[in-house]
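Worksheet: one structure, shown below.
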Amino acid sequence: MTAEPHRLHQSVLTVARKDVAMLRQDLTVQQALDAIRQRGIGEKIVYFYVVDAEDRLTGVLPTRRLLTAPLEQRLADLMIARVVAILETATVMEACEAFVLHKFLAFPMVDARRRIVGVVDAGLLTDEAFDIAEREQTEGLFESIGFHLLQVRDASPVRAFRFRFPWLLATIGSGTICALLASAHEVTLSKSIVLAFFLTMVLGLAESVSIQSMTVTIQALRATPPNFRWYGRAFRREAGTAALLGAACGIVVGLIVWLWRGAGLAGIAIGTSILLALCTACLFGLSVPALLHALKLDPKIAAGPVTLAFTDLFTLLFYFSLAALLL
């Protein structure tokens, strides 16, 4: 994993703006508007912050309230005295929590004497959060197929090949075994050609469930070390979900086969194999990352290829075995 998530623990000063719109509390609205015209305002002004003679924060003034107030009214009487401010020692994470908690569009940053040192707005922090999330999502995608992003970023073709090829061998190996399984059931396929039509769909459903379970498990392992109690709870939860998904998908696909081709037994074989395959895919999606973590291996690197390999093998085994038994 890269160091990008540590941005959330950096000082909020790294994302703060310095163009703070400050007004003295002893000014009237007319004097404040004249001062704004003379000095100008920053690029993105959300609130005007009111300060005393020593530049200490005393209130906040929304732009709408300033523009609609009587010109002779003093800012001290117009401002909102209760201001939520962020200390300059806060982190980006703490600033994000303030936005979530208070739902303001911007916060002033103050020092220990409550003097304004900057301002941070929701748009800037939202961009930062999305930037971090996008990098983490990209990193997770590369890890799920077998290699770290940093290992291939700016790497030579030979170096990239060395990191990527070993995990492709797992796919080649499982694919070869799957091909041997299919060839061993040539007679079954010749009896019901509809089996070939739905083979890709069944594999895709099983792989989708295995990847979903694997992703959830890897996220959980970041916070919880695996043990039998945790595994039991996680397995019951994932198995229940997979059983519902498998039953629903199996019934739908079985009905499609029956209504389209009039092949009732083939529909039962395909639908039942989907149920078994999705339950097994859930088991591998949970068990493979947990086992790799327990063995002190990185589950983000190896879990994807290994989980998909086992899922494909057992899916075809169920698919052809049931077909040979019922057809």
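Bear in mind these aren't lab numbers, they're just calculated from the coordinates by the rules spelled out. Quick caveat, the model's predicted, so the values are computed rather than measured. Because the Cβ atoms are built from the backbone with ideal geometry, glycine has one as well, and the counts that use them run over all protein chains shown.
Between L295 and M22, what is the label-point separation in nm under the 7 Å Cα-to-beta-carbon projection?
Once both label points are built, they end up 6.1 nm from each other.
Mind listing the Cα extents of the stretch 156-326 along all three principal axes, in Å, largest one first?
50, 42, 23
Amide H of V110: which non-local residues (sequence gap of 5 or more, or other chain) have their own amide H closer than 5 Å, using H built in the peptide plane?
The list, which skips near neighbours in sequence, is I86, L87, E88, V117.
If you stretched the chain out fully between I177 and F104, how much longer would it get, using 0.36 nm times the residue separation minus the C-alpha to C-alpha distance? The partial results should precede the final answer.
Working: separation 73, 0.36 × 73 = 26.28 nm, distance 5.82 nm.
My answer for the length gained is 20.5 nm.
Mind ordering 202-211, 58-67 by average Cβ neighbours within 10 Å, highest first? Don't jump to the answer; show the numbers that get you there.
On the way: 202-211: 21.2, 58-67: 16.1.
The peptides rank, most packed first, as 202-211, 58-67.
Sort H9, H185 so that the residue with the fewest other Cβ atoms within 10 Å of its own Cβ comes first and the one with the most comes last. Please list the in-between numbers first.
Values: H9 10, H185 17.
Taking fewest neighbouring Cβ atoms as first place, the list is H9, H185.
Around F48, which amide H atoms from residues at least 5 apart in sequence, or from another chain, sit under 5 Å from its own amide H, with H modelled in the peptide plane?
Result for F48 returns L61, T63.
Compute the whole-percent fraction of alpha carbon pairs in the stretch 4-126 spaced more than 19 Å apart.
On the way: 3459 of 7503 pairs.
Result for the distance tail: 46 percent.
Got a sec to turn the phi values of the stretch 317-327 into Karplus ³J(HN,Hα) couplings, 6.51 cos²θ - 1.76 cosθ + 1.60 with θ = phi - 60°, whole Hz, x for Gly and Pro?
4, 5, 4, 7, 5, 5, 5, 5, 6, 9, 9
Based only on other Cβ atoms within 10 Å, what is the fewest-to-most ordering of M22, M109, M214? Working shown, then result.
On the way: M22 16, M109 25, M214 28.
Fewest to most other Cβ atoms nearby, the residues stand as M22, M109, M214.
Ranked by Cβ crowding within 10 angstrom, fewest neighbours first, how are V50, V253 ordered? Please report the intermediate quantities before stating the final value.
Numbers: V50 24, V253 19.
Ordered from fewest to most neighbouring Cβ atoms within 10 Å, V50, V253 come out as V253, V50.
Going toward the positive end of the dipole of the stretch 4-126, with +1 on Lys and Arg Cβ and -1 on Asp and Glu Cβ, which of L23, L78, V50 do you reach last?
The listed residue farthest towards the positive side: L78.
Please give me the summed charge of the neighbours of F284: other residues whose Cβ is under 13 Å from its Cβ, Lys and Arg +1, Asp and Glu -1. Numbers along the way, then the final one.
Working: positive: none; negative: E207, E238, D312.
So the surrounding residues net to -3.
Give the calculated FRET efficiency between R74 and A122 to the nearest 0.05, with a Förster radius of 30 Å applied to their Cβ-Cβ distance.
Details: r = 30 Å, r/R0 = 0.98.
The pair R74/A122 has a calculated efficiency of 0.50.
Work out how much length E97 to L325 would gain on full extension: take 0.36 nm times their residue separation and subtract the Cα-Cα distance, in nm to one decimal. Mind dumping the intermediate values first?
Details: separation 228, 0.36 × 228 = 82.08 nm, distance 5.85 nm.
Between E97 and L325, full extension yields 76.2 nm more.
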